[in-house]
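The values are calculated or read from the model by the stated rules, or taken from the named source; none is laboratory data. Small disclaimer: the values here were computed from a predicted structure and weren't measured. Backbone-built Cβ (ideal geometry, glycine too); neighbour counts: all protein chains shown. Surface areas here come from the heavy atoms of the whole protein model, side chains and all, with no ligands, DNA or RNA. Shrake-Rupley method; radii C 1.70, N 1.55, O 1.52, S 1.80 Å.
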Amino acid sequence: MPKGRKKKVKVVDWAADENFSKERSIFYVEHTTECPIFQIKAEECGAFFKQRIPEREFQLVRNKNGKEAPREGAFEIGFSQNARTSVHELWSGLTRGPPRRDKFPEDFENLVPDVQRVLKKFYPDKVVGLTDDEEDEN
């Protein structure tokens, strides 16, 4: 690729009929690009939930697919049950820090109850992402 040219990223509209799936939940992460750790944490978030709740399909959308410049110091996580439902804020690190580590959730596991709450709102009979102990309680 010649110098000075940026690689064009294909933007997918997950709400469009050809891409839409009720089974695909969306994580929206707004993160600053001032430091690589923000991008790494965004990827870790998506990977964590794919592993933690394997019965759901998850899509990570970062900085609105590059359509919007992130705010300085931003690290915010939003979640929607699918691409056609409203976004619920799970985490905001905008007003947190320094130190930089305070911008991120201490453990993504702490966000699981909020994700389950959003999923239950639309599918109350389908409880997802519970450990064996949690299932026994329900």
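Taking all protein chains as present, what is the carbon and sulfur share of the accessible area of the stretch 1-115, in % to the nearest whole number, probe 1.4 Å? That fraction is 48 percent.
The listed residues Phe108, Phe48, Phe27, once ranked by accessible area (1.4 Å probe) with the largest placed first, stand as Phe48, Phe108, Phe27.
Only Cα pairs under 8 Å and 6+ residues apart enter the sum, and on that basis the relative contact order of the stretch 30-109 stands at 28 percent. Working ranking of peptides 75-82, 114-121, 32-39 by packing, defined as the average number of other Cβ atoms within 10 Å per residue, highest first, is 75-82, 114-121, 32-39. Backbone amide hydrogens, once placed in the peptide plane, bring Glu57 within less than 5 Å of Ser25, excluding anything fewer than 5 places away on its chain. With a 1.4 Å probe rolled over the protein heavy atoms of all chains, the accessible area of His88, His31 falls in the order His88, His31, largest first.
The HN-Hα couplings worked out from phi for the stretch 64-74 by the Karplus form 6.51 cos²θ - 1.76 cosθ + 1.60 (θ = phi - 60°) are 6, 6, x, 7, 10, 6, x, 6, 4, x, 7 Hz, whole numbers, x standing for Gly and Pro.
Pairs exceeding a 23 Å alpha-carbon distance, out of Lys64/Lys120; Lys22/Lys103; Lys41/Lys120; Lys67/Lys120; Lys64/Lys103: Lys64/Lys120; Lys22/Lys103; Lys41/Lys120; Lys67/Lys120. The relative contact order of the stretch 14-58 comes to 42 percent, based on Cα pairs under 8 Å that sit 6 or more residues apart.
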